[in-house]
Every structure is written in structure tokens, then in C-alpha cells.
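Novice: Right, I'll just put the structure down here and ask away after.
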Amino acid sequence: MSADKRISLAEASRRAGVSTATLKRWATEKVVPVRRGRWTAAAAAQARVVARMRERGHSLEDLKQAGREGRLAFGFAEDLFPRPEDQVTLEEVARETGLEPELIERILVILGTPLGRERLLGPEDVKALRHCARVLAAGFPLVAFLQLVRVYVQSLRRIADAEVRLFHLYVHEPMIRDAVPELEMAEEMGELAGDILPLAAPLTEYLHTRYLRFFLEQDVVGHMESDMGTAASQVHHVPVTLCFIDLTGFTRYTEEEGDLEALDVVENFVETVEATLPPEATIVKTIGDEVMVVSPDPASLTEWAVGLLARFPRRPQPRVGVHYAQAVYRDGDYFGTHVNLTHRVVDRAQAGEVLVTDRVAEAIDGREGLEFEPIGEVSLRGFPEPTPLFVVRRAGG
């Protein structure tokens, strides 16, 4: 439905979740802008947002001011994803899918949104749970299935959060600064959101297929080339090159230069890591000014790290720690003693320095173009035995 198409007062009341009398009062007091008594989808959406804000304790005067500034206009975009009217109980879904109610509860907890915590489920929820039941009935282990769901949730939640935040920063806020009238703003934003946000599904499907094919190939290659002992490997452990990179003295730099300048530095740093990373390497996560990268190949990752640091001649300069070992893989992340050790290694590195363990040095011994300078056995916090470390540079550099 178009944002400016007229709807009845009763329909506006249903959409906003408040009485018709309340809507009339809000319209009279100009808390919700209504042109000549003509209720529209955009006005009803704004009334729904006002109702939510009232429940959270905000005054009508504050909401009136926020409305005039256009800060409530984004509510119309919710109409792109209407709540289903037909809902069933969790117990009914359990009977239909064959999943235990406790397992459905567990899945909903992993989903983590307020919608997921409700015990009434809509048709799309039921459809998704039917698919979960088919996957488990096919023999996929429950423990792996729950990890996979958790990874999906974490990744897609981040995508959805970025979509909304970027839309707000680059579309909504400029309209507020330009003093676009509130209903006009709601209508424009609704139309634009309707054109842009649905792009996510086909793009996500395309990227998922692309990366699935890539990682399947990497897994086959890893099984063929791994010399870390498949028979002796522990369950859930995988051989991997672990790498942490951070910006030296970043906290002090932020204090001296300010948050905005520091944000630009971090964005440039992360973008450079993403743009230059070897094809087989993967960014696991970014936390502030720190990036965690993994790769099946210690040689290419170490070469890349040396080249990366040459791109940052000024402060705050990155530093790198690299280790090669068996790590625990879970929920799309890596854990265990060797991950902690790698983190300690980067803590000991100096600005503009790539510091690697003896396992990395041994794995790529004889690699042309690199020089390894031993700095001795170094005591790392939390580890009783000293660890042999090496500074890596370009040969002749």
C-alpha cells in the first residue's frame, strides 16, 4: 500500500494499536500530523511509534517535538514487514514439526529478538521450523545444527543492524537536517526503503553461494595438504594459522586526536586489511582496532602481514602476531590455548613489527623473500613455558 493512500480511522487504530479516541486526540494536539482528517499508512505508522514511546515514559510534548523534527518517520518502514495475523502456539508447532517443545524454545532463545521470545508464532516462523526439522531428520547432528543457527543469527543480525543504521545515517538524518515535513519524510523514506531493503535477500543468497563454494574447495585442499596429523587431531580442533593485528597506542591516539579522527583511522585500517588479504585467508572478527584473521597457509599469511605493515608508515602503526596450531572451532570462531597464545604474541610485538612463533618459522622455513630474526624464548603472560619468537622482515629490508 502507498504511504499516502487514505485509510479509515478504524484501520489506523488497528495499525497503531491504540483507540480511535486516542488517535483523534493526538491528531488534534498535532502529536501525529494528519492532513484534513485524512489518515494514511504513514500517519498510522507514526502513531504506532508514538504509542511505543508513550509506553516507555516519553511525554506527548517531547514526542510532538520529535515528530516535527522528523525523528519518528522511520517507523513507516516497519510496514514493509507486516506482523502476521494468523498465529499458532509453540505446542502446535511442536506437534506439526515433530520437534520437541524444549528444542523449539532453545532455537527461539538463540534467535534472540523480542519476536523470538514470544510463544505465538506466525506462518514464516512455522515454515522455518519445518525446515529445521527436515535438516535434523536427515541426520545432521543437533550440536552442529545449533552452532550453525547461532552463526546465522550473529551474521544476519549484524547485516540487518547495518542496513537500518546506514539508512538512518545517510537517508533519514539528511532529511532531518533539510527540515523535510514529517509526513512527506515518512512517505519518501517508506518508498525508498521499499526499493532498497528487499535487495538484501538476493544479494545475501548470491554471497552465501559464492562463499560456500569457496570454503568447500578450501576444506578439500586442507584435508589433502594438512601435515598436522589427521588421525591425532582432537574432535572440533582444526589446523589453522592464527593472526591478530591491532593498532599500537590507539587509545592514546584517540585521546590526542579525537573520536572522529580515530574512527577514520580504524576504518582505513580495516578496509586495507580486507582489500589486501590473501584469497584463502578470512577475517573472523573485528573488535575496535583489532582484527583476527585465519588462514590454512602460514606462508602466504606471513608474507601478507609483512607487506601490510609497509602501508602504514605513520602512527598509529599496526603490529602483528602469527601462530600455527590446532584450534577449537565453534560458532564460526576459534577458541583455545593457541588462540590465547597468539593474542599474547601480538601484545609483545612493537609498532610496525610482525612477530611469529617457532611453529610458523618452521612451517615456512626457506621461504624466499622473508628473513626471520630470533629474539629468544619469551615469557608470555598466562603461559608457564617460554615461547620462541621471531621478527619477520622482507629479505634485505
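Every residue, every condition in (1) of a type in the set (Gly, Ala, Ser); (2) assigned to a helix (DSSP H, G or I); (3) in contact with a Gly (Cβ under 9 Å, 6 or more places away or on another chain), yes or no:
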{"site": "Glu124", "(1), (2), (3)": "no, yes, no"}
{"site": "Lys127", "(1), (2), (3)": "no, yes, no"}
{"site": "Phe140", "(1), (2), (3)": "no, no, no"}
{"site": "Gln147", "(1), (2), (3)": "no, yes, yes"}
{"site": "Asp161", "(1), (2), (3)": "no, yes, no"}
{"site": "Arg165", "(1), (2), (3)": "no, yes, no"}
{"site": "Glu188", "(1), (2), (3)": "no, yes, no"}
{"site": "Glu191", "(1), (2), (3)": "no, yes, no"}
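Novice: If you check Val291 against the conditions, is it modelled with pLDDT of 90 or more, over 22 Å from Ile364 (Cα atoms) and of a type outside the set (D, E, K, R)?
Specialist: Spelling it out, Val291 is indeed modelled with pLDDT of 90 or more, over 22 Å from Ile364 (Cα atoms) and of a type outside the set (D, E, K, R).
Novice: Just the residues that are in contact (Cβ under 8 Å) with a residue 60 or more places away in the chain and among the hydroxyl-bearing types (Ser, Thr, Tyr), please, taken from the stretch 249-281.
Specialist: Tyr253
Novice: Name the helices (runs of 4 or more DSSP H) wholly inside the stretch 295-397 in which the number of residues that are in the same structural domain as Arg252 (by TED's automatic domain parsing) and over 30 Å from the mean Cα position of the chain (by Cα) is 2 or more.
Specialist: 358-363
Novice: Determine which member of the set Leu120, Leu169, Leu199 is surrounded by fewer than 17 Cβ atoms within 10 Å (Cβ to Cβ), at pLDDT 75 or above and not assigned by TED's automatic domain parsing to the domain that holds Pro33.
Specialist: Of the residues listed, the single one that is surrounded by fewer than 17 Cβ atoms within 10 Å (Cβ to Cβ), at pLDDT 75 or above and not assigned by TED's automatic domain parsing to the domain that holds Pro33 is Leu169.
Novice: Of all residues in the stretch 221-261, how many are part of a helix (DSSP H, G or I) and modelled with pLDDT under 60?
Specialist: Qualifying residue count, the stretch 221-261: 5.
Novice: Please state which of the following conditions Tyr170 fails to meet, knowing it meets all the rest: (1) of a type outside the set (Asp, Glu); (2) farther than 30 Å from Leu192 by Cβ; (3) out of contact with any Lys or Arg (no Cβ under 8 Å at 6 or more places or on another chain).
Specialist: Result: Tyr170 fails condition (2) only.
Novice: Among the listed residues Tyr329, Tyr324, which satisfies the condition of being in contact with a strand residue (DSSP E or B) (Cβ under 7 Å, 6 or more places away or on another chain), modelled with pLDDT under 90 and within 18 Å of Pro298 (Cβ to Cβ)?
Specialist: Tyr329
Novice: Another one. Look at Asp358 and say whether it is surrounded by 13 or more Cβ atoms within 10 Å (Cβ to Cβ), acidic (Asp, Glu) and over 25 Å from Thr254 (Cα atoms).
Specialist: yes
Novice: Look through the stretch 263-282, keep the residues that are surrounded by 14 or more Cβ atoms within 10 Å (Cβ to Cβ) and either in a strand (DSSP E or B) or modelled with pLDDT under 85 (or both), and return whichever of them is farthest from the chain's Cα centre (by Cα). Steps first, answer last, please.
Specialist: Applying the first criterion (surrounded by 14 or more Cβ atoms within 10 Å (Cβ to Cβ)) to the stretch 263-282 yields 265-266, 269-270, 272-273, 277-278, 280-282.
Next, from what is left, pick out any that are either in a strand (DSSP E or B) or modelled with pLDDT under 85 (or both): 280, 282.
Details: Glu280: 21, Thr282: 15 Å.
Across the stretch 263-282, the extreme among qualifying residues is Glu280.
The values are calculated or read from the model by the stated rules, or taken from the named source; none is laboratory data. This structure is a prediction, so every number in the text was calculated from the model and none was measured. Cβ coordinates were reconstructed from backbone atoms using ideal geometry, including for glycine residues, and neighbour counts include every protein chain displayed.
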